[in-house]
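Step one of this worksheet: look at the structure below.
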Amino acid sequence: MAVPKRKKGRAKTNSRRSANSRLTVAPRSLCPQCGEAKLPHYVCPNCGTYKGREVIITE
């Protein structure tokens, strides 16, 4: 069985661990009513519509 000859340093271990924990930008889609950017499968915060009907009354 393979065994490491030397102990890995903290910097090497932490850089390997941090490679998988990057922050990603949330996906965006355009609202078909007003054209503003919104999260997919969410009510549009600008006009309050979801799937073509008004869910939240906005001014």
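Here, each number is a calculation from the coordinates, and none is a lab measurement. In this text, all values refer to a predicted model and were calculated from it rather than measured experimentally.
Could you run the Karplus curve 6.51 cos²θ - 1.76 cosθ + 1.60 with θ = phi - 60° over the stretch 17-34 and give me ³J(HN,Hα) per residue in whole Hz, x for Gly and Pro?
So the J values, rounded to whole Hz, are 5, 6, 5, 9, 10, 6, 7, 10, 6, 5, x, 10, 9, 9, 6, x, 7, 10.
Can you list the lysines whose alpha carbon sits under 28 Å from that of Lys51, skipping same-chain ones fewer than 8 residues off?
Lys38
So I have (i) 0.97; (ii) 1.49; (iii) 1.08, and one of them is Rg/Rh (Cα atoms, Kirkwood Rh) calculated from this model. Which one is it?
Answer by label: (ii).
From the phi of every residue in the stretch 46-59, what ³J(HN,Hα) in whole Hz does the Karplus formula 6.51 cos²θ - 1.76 cosθ + 1.60 yield, where θ is phi - 60° and glycine or proline is x?
Here the 3J(HN,Hα) series is 7, 10, x, 9, 8, 6, x, 10, 7, 9, 10, 7, 10, 9 Hz.
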